[in-house]
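Here's the structure we're looking at; comments come further down.
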Amino acid sequence: MIWSKLKAGLARTREQLAGRIRAVVQGAALDEALFEELEAVLITADVGVATTQRLLERLRERVRAEGVRDAAAVPGLLAEEMRGMLEAVAAPPAAPGRGPGPLVILVVGVNGSGKTTTVGKLAARYRQEGWKVVVGAADTFRAAAIDQLERWCQRAGADLVRQHPGADPAAVAFDALQAAQARGADVLLVDTAGRLHTRVNLMEELRKTQRVLQRLDPTAPHEVLLVLDATTGQNALAQARHFTEAVGVTGIVLTKLDGTARGGMVVAIADQLRLPVKWVGTGEGADDLAPFDPGEFTRALFEGTPAGAGA
Amino acid sequence: MAFEGLAEKLQAVFKRLRGKGKLTEADVEAALREVRLALLEADVNFKVVKDFIARVRERAVGQEVLESLTPAQQVIKIVHDELTQLMGGQHARLDLGGELPAVVMLVGLQGSGKTTTAAKLARLLTRQGRQPLLVAADVYRPAAVEQLVTLGQQVQVPVYAPGTDRDPVDIAREGVAEARRRGRDVVLIDTAGRLHIDDALMEELERIRQAVAPREILLVVDAMTGQDAVNVAETFHRRLGIDGVILTKLDGDARGGAALSVRAVTGRPIKFAGLGERVDQLEPFHPERMASRILGMGDVLSLIEKA
Ligand SMILES: Nc1nc2c(ncn2[C@@H]2O[C@H](COP(=O)(O)OP(=O)(O)OP(=O)(O)O)[C@@H](O)[C@H]2O)c(=O)[nH]1
Ligand SMILES: Nc1nc2c(ncn2[C@@H]2O[C@H](COP(=O)(O)OP(=O)(O)OP(=O)(O)O)[C@@H](O)[C@H]2O)c(=O)[nH]1
Ligand SMILES: [Mg+2]
Ligand SMILES: [Mg+2]
């Protein structure tokens with residue numbers, strides 16, 4: 001199962017993190033020094049300063065309210081609070097087969113985060129579930145981006161709608177949705193070019209792509225997935241904010257969790273922007289994608305801590 | 001939120017210091033706490049921040065500072081100095097002298113910008129009168145070869161790309177032979193992205209290194225990387241002995257704390273910065289500018305004057 005793979009991937013981190021937490025609470029008094037050590041643990045997981053402080057504030061409150069005396073209980077409480085933040089905004093991925101037309105999923109994000117790979121993985125997954133899948137190659141800018149997507153579609157057994165390099169991405173998206181509708185497809189996945197959220201004209205291009213889709217289906221896109229690289233630090237918050245402002249992100253895909261990065265910035269994003277994580281990527285293969293599970297995620301981070309991560 | 005307001009926050013810290021006239025250790029402590037937060041929000045590694053603050057504290061609570069006529073100014077100067085020093089002082093160049101062809105190997109995590117940077121370097125070197133050959137040694141990522149070939153055409157540099165059913169070590173070795181045959185004097189090897197904990201793929205890089213003895217092994221790092229940057233850099237350095245770092249995607253609003261951390265843990269200089277997707281968007285890296293950016297200070301010097 002993918003979560004065991006995630007755990008294996010996180011093993012070193014987890015040993016470090018869990019080991020450090022264990023060392024921190026071992027025989028420790030429940031005092032400010034302990035909270036300072038916990039702060040270090042959370043910040044090295046990329047949770048960020050503001051959300052870390054909020055988590056520790058809640059922890060202090062619970063310690064006070066519940067009369068907690070034993071430092072050993074603290075990691076479990078912390079994991080519970082973190083899971084709580086993620087669960088408060090959790091939402092399942094949109095599923096095909098609901099409405100009359102195809103489920104339209106627009107995939108966006110900064111350069112190299114894993115968009116094309118995620119489109120490939122989703123295409124493979126939906127095909128395995130028996131849905132008819134069309135993919136639109138709306139990254140017409142990056143060298144060989146279309147070839148890359150084509151390989152993924154061949155592998156997955158999905159139809160690719162493409163134009164020539166340099167074509168208008170909105171026009172490709174329009175063609176793709178038209179084709180998906182005409183062929184009675186269940187899902188349309190639109191891959192877009194990587195762009196930094198600070199590039200105003202490129203964000204406008206994305207908005208145009210969205211508007212053009214709405215000409216064919218006013219309810220589209222039904223899902224806008226922002227693909228975030230788990231190795232990213234606090235910049236992820238700025239990415240999430242700007243992409244949401246531009247095209248109304250409905251969920252996050254957290255990729256490259258098979259490395260040692262903790263992906264803690266998704267906690268900050270849940271806390272500060274109320275955006276759910278929907279999928280996690282744990283490798284470069286077609287199967288390395290799973291729906292996000294807040295409990296599993298925090299468990300994978302905290303496993304091995306004395307209080308068992310409050311799962 | 002990471003970016004905006006930080007400069008003001010720091011300026012406020014320094015202004016408060018300045019307003020005090022004479023400083024106590026407690027004043028300095030309070031200021032350092034806020035500098036610490038600013039650095040953490042910029043993704044500077046936790047351990048690096050800790051050591052950094054300790055060094056600044058040691059210098060800043062010294063008698064000369066606390067008893068000087070402009071203590072606040074002194075403290076700010078120390079922060080700026082230490083940061084610049086961490087960044088390595090001045091621009092470090094590529095070393096492509098010696099036996100020809102000089103081999104350069106680009107390594108790094110998935111999606112960091114290796115392939116794009118290989119083409120950018122090829123273009124830059126061509127303009128310096130060199131004759132590079134690009135080598136496509138990523139046989140894993142779908143269409144990685146096509147990407148390099150397309151970029152090679154854009155920068156008008158030949159690409160050695162024998163396909164994807166070959167061992168990358170052989171491709172690299174043959175690439176160097178090919179360069180010799182064609183009289184090319186620099187070989188730029190584009191390798192597949194890999195995780196630093198992927199033992200088999202890290203070993204592949206070690207074998208390529210053995211086969212072609214690169215003059216420069218450059219680690220390509222995404223400027224948006226968070227706290228994990230040190231683990232990545234440490235591992236690549238331990239296994240390969242990197243010669244320098246290229247920081248990509250600096251055209252966004254990343255504060256780039258990863259840069260500071262990577263430099264601190266490897267001791268290797270950041271040689272270039274990537275500032276966009278186009279092949280002409282690569283520039284020599286300037287430590288002082290990056291230091292200012294990390295602190296969120298447009299112009300550190302003017303700030304020091306104001307203090
Ligand atoms: N280890 C690992 N690598 C991944 C994962 N997802 C994607 N990658 C790799 O990350 C690199 C970039 O992935 P792409 O899918 O090309 O990223 P992208 O966002 O489409 O990139 P651009 O279109 O250039 O902006 C590739 O080498 C992928 O194989 C993941 O979950 N784990
Ligand atoms: N904005 C910006 N984008 C960049 C920069 N450098 C590279 N990119 C983009 O980042 C994405 C990934 O770049 P690649 O060169 O494919 O990265 P890579 O390290 O070769 O990726 P893999 O081979 O999959 O590991 C592409 O969309 C590039 O256009 C840069 O300095 N700024
Ligand atoms: Mg892509
Ligand atoms: Mg590449």
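The values are calculated or read from the model by the stated rules, or taken from the named source; none is laboratory data. Computed from a predicted model, the values in this text were never measured in an experiment. Cβ sites come from the backbone with ideal geometry, for glycine too, and all protein chains shown count toward neighbours. Ligands, DNA and RNA are stripped out before the accessible areas are found, and what is left, the full protein with its side chains, is counted by its heavy atoms. Shrake-Rupley method; radii C 1.70, N 1.55, O 1.52, S 1.80 Å.
Across peptide B:212-222, how many C-beta atoms of other chains are within 10 Å of each residue C-beta, on average? Numbers along the way, then the final one.
On the way: counts 0, 0, 0, 0, 0, 0, 0, 0, 0, 1, 9.
Taking the mean over all residues of the peptide, I get 1.
For the B and A pair, go ahead and give the buried accessible area with a 1.4 Å probe, both sides summed, in Å² to 100.
Using a 1.4 Å probe on protein heavy atoms, the buried area is about 3400 Å².
Can you work out ³J(HN,Hα) from phi for every residue in the range B:220-225, in order, using Karplus 6.51 cos²θ - 1.76 cosθ + 1.60 and θ = phi - 60°, giving whole Hz and x for Gly and Pro?
My calculation for the range B:220-225 gives 9, 10, 6, 5, 8, 4 Hz in order.
Which whole number gives the average, over all residues in A:142-151, of C-beta atoms from other chains lying within 10 Å of the residue C-beta?
Numbers: counts 6, 15, 11, 4, 2, 7, 6, 2, 3, 4.
Going residue by residue through A:142-151 and averaging, the value is 6.
Share of antiparallel DSSP beta bridges in chain A, in percent to the nearest 5?
Values: 3 of 29 bridges.
So the antiparallel bridges amount to about 10 percent of the total.
Across the residues of B:188-197, average count of Cβ atoms on other protein chains within 10 Å? Mind dumping the intermediate values first?
On the way: counts 0, 0, 0, 0, 1, 3, 2, 9, 3, 8.
Taking all residues of B:188-197 together, the mean is 3.
Please list, in chain and number order, the residues 5+ apart from A:V161 or on another chain whose amide H is under 5 Å from its amide H, with Hs placed from the backbone.
Residues meeting the amide H criterion: A:V135, A:G136, A:A137.
In chain B, once you exclude exposed GluC sites (Glu not before Pro) (DSSP loop, at most 12 other Cβ within 10 angstrom), what's the longest stretch remaining? All intermediate terms of the calculation are to be shown ahead of the outcome.
Values: sites that count: B:E4, B:E67, B:E99.
Counting only loop sites that pass the neighbour cut-off, the longest clear stretch is B:100-307.
Which whole-number percent gives the relative contact order of chain B, counting Cα pairs below 8 Å spaced six or more residues apart? Numbers along the way, then the final one.
On the way: 568 pairs, mean separation 75.7, N = 307.
After rounding, I find 25 percent.
Over the range A:103-293, with every protein chain in place, what whole percent of the accessible area is carbon and sulfur at 1.4 Å, could you tell me?
Details: 2790 of 5860 Å².
Of all accessible area on the range A:103-293, carbon and sulfur atoms account for 48 percent.
With a 1.4 Å probe and every protein chain kept in, tell me what percent of the accessible surface of the range B:138-240 is carbon plus sulfur. Don't skip to the end; give the middle numbers.
Values: 1620 of 3860 Å².
In the range B:138-240, the share of accessible area belonging to carbon and sulfur is 42 percent.
Rounded if a/c is under 1.5, else prolate if a/b is larger than b/c, else oblate: which is the range A:158-271, with a ≥ b ≥ c the root eigenvalues of its Cα gyration tensor?
Working: a/c = 2.02, a/b = 1.76, b/c = 1.15.
Note, shape of the range A:158-271 comes out prolate.
Quick one: which of B:K15/B:K249; A:K121/B:K120; A:K115/B:K249; A:K115/B:K120; A:K132/A:K256 span more than 25 angstrom between C-alpha atoms?
Numbers: B:K15/B:K249 33 Å; A:K121/B:K120 30 Å; A:K115/B:K249 17 Å; A:K115/B:K120 23 Å; A:K132/A:K256 27 Å.
Listed pairs above 25 Å: B:K15/B:K249; A:K121/B:K120; A:K132/A:K256.
So what J values fall out for the range A:273-286 if you push phi through Karplus, 6.51 cos²θ - 1.76 cosθ + 1.60 with θ = phi - 60°, rounded to Hz, Gly and Pro as x?
These are the phi-based 3J(HN,Hα) values: 10, 6, 9, x, 8, 10, 9, 10, x, 10, x, 9, x, 4 Hz.
Residue by residue through the range A:143-151, which ³J(HN,Hα) values in whole Hz follow from phi under the Karplus form 6.51 cos²θ - 1.76 cosθ + 1.60 (θ = phi - 60°), with glycine and proline marked x?
4, 6, 5, 5, 4, 4, 5, 4, 4
Would the protein assembly as shown count as rounded, prolate or oblate if I go by the C-alpha gyration tensor, calling it rounded below 1.5 in a/c and otherwise prolate when a/b exceeds b/c, oblate otherwise?
Details: a/c = 1.71, a/b = 1.18, b/c = 1.44.
Because a/c hits 1.5 or more and a/b fails to exceed b/c, the protein assembly as shown counts as oblate.
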